[in-house]
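Enquirer: Here it is, the structure, as structure tokens.
What follows draws every value from the coordinates through simple rules; no lab data is involved. Since the model is a prediction, treat every value here as computed from it, not as a measurement. Cβ atoms come from the backbone with ideal geometry, glycine included; neighbour counts cover every protein chain shown.
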Amino acid sequence: MIATHPHSRSVLITGASSGIGAASAHRLAAEGWRVFACARRAEKLERLAEQEGIIPLVCDVTDADQVRAVLDEVSEAGGIDTLINVAGGALGTESVAEAEPEDWRWMFEANVMGTLNTLQAFLPMLRAHGHGTVLNVTSTAGTVAYEGGSGYNAAKFAQHGVTGALRLEEAEHNVRVLEVLPGMVHTEEFSAKRMRGDAAAAAAVYRGVEDPLSADDVAEVIAHAVSLPHHINLDQITVRPVAQAAHHKVIRTG
Ligand code: 8X3
């Protein structure tokens, strides 16, 4: 069995090329974890892996064959005790009536099927370890719907549901299952992608909000949660900036 001493822990992080995934990789590597950083964009991963302790693995999590290839590489390198699923995202803010089915398909693939692929590949390893941990980064959009949320709400509600079922199913294998549900987090890419590259619309999401969360803020929460002794399960962690009391109540100044 792989030792569970904090300085010998190993994690696979998906969506590691930017935002919360990259920040979590940096944070955990800095804390002494061995980090397998998984994402599609090789160039960004290479830059991330300039930090000691980060091993880049190019992979599209929506492709089960690619995820299995990553499993082989991770197995050869000694395995992991923790899996953090960050890959995902939002595309569009149209209503249900106006939404593009293709956008919904992309969101389901990235948020839901990507999570399923990594779980199906790595659960045997996490079970065999004896003290495995899975942390899925979902969203506050996974528990409360809002106008324009449509496909993103649907995908995140689904990923939230998967995480709940997983917690029940894996407890008997001593696999700890956590869910982090971020609210408003100002990252380079999340809103830019959602607004299809419209920089002004992306900036408007955070306009006048004092201290929206940063990717580093969420990474701090994630690192804390997975570093606690294994029998402590923070279960579901909702994390928002103080200025966002709820999705519909955001304090904006100026
Ligand atoms: C991101 C949070 O408020 O854009 O997952 O749905 S929100």
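Enquirer: Before we move on, is ILE232 over 27 Å from GLU109 (Cβ atoms) and outside any helix (DSSP H, G or I)?
Expert: Numbers: over 27 Å from GLU109 (Cβ atoms): yes; outside any helix (DSSP H, G or I): yes.
Spelling it out, ILE232 is indeed over 27 Å from GLU109 (Cβ atoms) and outside any helix (DSSP H, G or I).
Enquirer: For segment 167-189, what are the residues that are more than 15 Å from the ligand (Cβ to nearest atom) and either of a type in the set (Asp, Glu) or over 15 Å from the mean Cα position of the chain (by Cα) (or both)?
Expert: Result: ARG167, LEU168, GLU169, GLU170, ALA171, GLU172, HIS173, ASN174, VAL175, ARG176.
Enquirer: What are the residues in segment 207-226 that are surrounded by fewer than 17 Cβ atoms within 10 Å (Cβ to Cβ) and over 16 Å from the mean Cα position of the chain (by Cα), if any?
Expert: Passing the criteria: ARG207, GLY208, GLU210, ASP211.
Enquirer: Next up: Quick check: is even one residue across segment 12-20 in a loop (DSSP other than H, G, I, E, B), surrounded by 24 or more Cβ atoms within 10 Å (Cβ to Cβ) and not small (Gly, Ala, Ser)?
Expert: Step one: filter segment 12-20 for residues in a loop (DSSP other than H, G, I, E, B), giving 15-18.
Still in the list and also surrounded by 24 or more Cβ atoms within 10 Å (Cβ to Cβ): 15-17.
Imposing the further condition that a residue be not small (Gly, Ala, Ser) reduces the set to none.
No, segment 12-20 has no match at all.
Enquirer: Separate question: State whether one or more residues within segment 119-135 are within 20 Å of ALA16 (Cα to Cα) and within 15 Å of the ligand (Cβ to nearest atom).
Expert: no
Enquirer: Inside segment 137-153, can you point out the residues that are farther than 16 Å from PHE190 by Cβ and not in a loop (DSSP other than H, G, I, E, B)? Give the derivation first.
Expert: Taking segment 137-153 as the starting set, the residues that turn out to be farther than 16 Å from PHE190 by Cβ are 143-145, 147, 150.
Scanning segment 137-153 gives a single hit, SER150.
Enquirer: Could you run through segment 66-91 and say how many residues are within 25 Å of GLU220 (Cβ to Cβ), touching a strand residue (DSSP E or B) at 6+ places or on another chain (Cβ under 7 Å) and assigned to a loop (DSSP other than H, G, I, E, B)?
Expert: Within segment 66-91, residues that are within 25 Å of GLU220 (Cβ to Cβ), touching a strand residue (DSSP E or B) at 6+ places or on another chain (Cβ under 7 Å) and assigned to a loop (DSSP other than H, G, I, E, B) number 4.
Enquirer: Related question: Which pairs turn up if I take residues in segment 137-152 that are among the aliphatic types (A, V, I, L, M) and look for partners that are more than 9 Å from the ligand (Cβ to nearest atom) with beta carbon separation below 7 Å, at least 6 apart in sequence or on another chain?
Expert: Close Cβ pairs satisfying both conditions: VAL137/ILE20; VAL137/ASN85; VAL137/VAL86; VAL137/VAL180.
Enquirer: List pairs: first in segment 59-71 and free of Cβ contacts under 8 Å to residues at least 60 places away in the same chain, second assigned to a loop (DSSP other than H, G, I, E, B) and crowded, with 21+ Cβ neighbours inside 10 Å, Cβ under 7 Å, 6+ apart or cross-chain?
Expert: VAL61/ALA87; GLN66/CYS59; VAL67/CYS59; VAL67/VAL61; VAL70/CYS59
Enquirer: Now, a different point. Out of the residues in segment 93-123 that are among the small types (Gly, Ala, Ser) and buried (at least 20 other Cβ atoms within 10 Å of the Cβ), state the one that is nearest to ALA141 (Cα to Cα). Quick ask: steps written out before the conclusion?
Expert: Quick first cut of segment 93-123, residues among the small types (Gly, Ala, Ser) only: 95, 97, 99, 110, 114, 121.
Okay, now just the ones that are also buried (at least 20 other Cβ atoms within 10 Å of the Cβ), so 110, 114, 121.
Numbers: ALA110: 15, GLY114: 18, ALA121: 26 Å.
My answer is ALA110.
Enquirer: More than 8 Å from the ligand (Cβ to nearest atom) and surrounded by fewer than 15 Cβ atoms within 10 Å (Cβ to Cβ): which single residue out of ALA155, ALA192, ALA200 fits that description? Can you show your working first?
Expert: Details: ALA155 fails: surrounded by fewer than 15 Cβ atoms within 10 Å (Cβ to Cβ); ALA192 fails: surrounded by fewer than 15 Cβ atoms within 10 Å (Cβ to Cβ).
Every option except ALA200 fails the conditions.
Enquirer: Would it be correct to say that GLU170 is outside any helix (DSSP H, G or I) and of a type outside the set (A, V, I, L, M, F, W, C)? Walk me through it before giving the result.
Expert: Working: outside any helix (DSSP H, G or I): no; of a type outside the set (A, V, I, L, M, F, W, C): yes.
So GLU170 does not fit the description; no.
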